[in-house]
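Let me begin by presenting the structure, written as structure tokens, before commenting on it.
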Amino acid sequence: MIHWKTRLKEILEPALMKEDPRTEISAYRDMPLCIFLYDPRDEFMLRQELALLKTRLEQKGKRITTISLMECMKEALDQCAPIPDLIESEKLLGRNGHKTAAQTVHQVLSEYAPLDQAVLSKVPQNGDPIRDIIWITRAGALYPCYRTSTIIEHFQAKLSIPGVLFYPGEVVPPAGLSFMGVHEAEHNYRAKVL
């Protein structure tokens, strides 16, 4: 696969510059979202490049809404299982405390404060598919508690403006994605991978 910096500048940026980027980034009409794959070790470099790309897109009249999955997770945990409480219970449980904490986080994000709903609540209401673009970032913060494939499944028919999920991971042939390059590959992503 071509290095992410090259794909960002030569594939993603021109697609997002189009008057209506949905057909360029999406394989399906009911989900105008693509996955931008990058090496998890390059998280900070990616953030720098995204800041520059955001400026270039805004200079062309696009409006970028960045949705941090880390912030969404933090908000959900603040409501249902405050982080200090998770840390304390992890300490009390000793050796297996981290597994219990990860299970609790997963349960919160799946059932009590669903992460997909938190993300969708941050999408601009009445967004203009020609002007608005959403960026879903900081997916690595979910590791090892929650996989992004779960979020994407819930976006079908709920997004009208184009979006990009910035995905830290790797391709596992023939068509799988391994979250953080650690999890077993998922082969059921409907979104186009750039």
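The region of the chain that goes longest without hitting one of the GluC sites (Glu not before Pro) in a DSSP loop, each with at most 15 other Cβ atoms within 10 Å, is 20-183.
Remark on Trp135: its backbone amide H falls under 5 Å from those of Thr65, Thr66, Ile67, Val164, a criterion applied only to residues 5 or more positions apart or on other chains, H modelled at 1.01 Å from N. Ignoring lysines fewer than eight residues from Lys5 along the same chain, the ones with Cα atoms less than 16 angstrom from its Cα are Lys54.
Would you work out the relative contact order for the chain, in percent, from Cα pairs under 8 angstrom that are 6 or more residues apart? Please list the in-between numbers first.
Values: 287 pairs, mean separation 64.8, N = 194.
Relative contact order of the chain: 33 percent.
In the chain, the longest principal axis of the Cα atoms and the axis of helix 69-80 are about 40 degrees apart.
For Lys99, the aspartates and glutamates whose Cα falls under 16 Å of its own Cα, not counting residues fewer than eight places away in the same chain, are Asp85, Glu88, Glu90. Projecting the Cα positions of Pro168, Met31, Ile11 onto the charge dipole of the chain (unit charges on Cβ atoms of Lys, Arg, Asp and Glu, taken about the Cα centre) puts Ile11 furthest along the positive direction.
Within the set Lys62/Lys122; Lys9/Lys122; Lys62/Lys158, which residue pairs have Cα atoms separated by over 24 Å? Working shown, then result.
Details: Lys62/Lys122 17 Å; Lys9/Lys122 26 Å; Lys62/Lys158 21 Å.
Table pairs above 24 Å Cα-Cα are Lys9/Lys122.
Each reported figure results from applying straightforward, stated rules to the coordinates on display, with no laboratory input. Being a predicted model, the structure only gives us computed values, none of them experimental. Cβ atoms come from the backbone with ideal geometry, glycine included; neighbour counts cover every protein chain shown.
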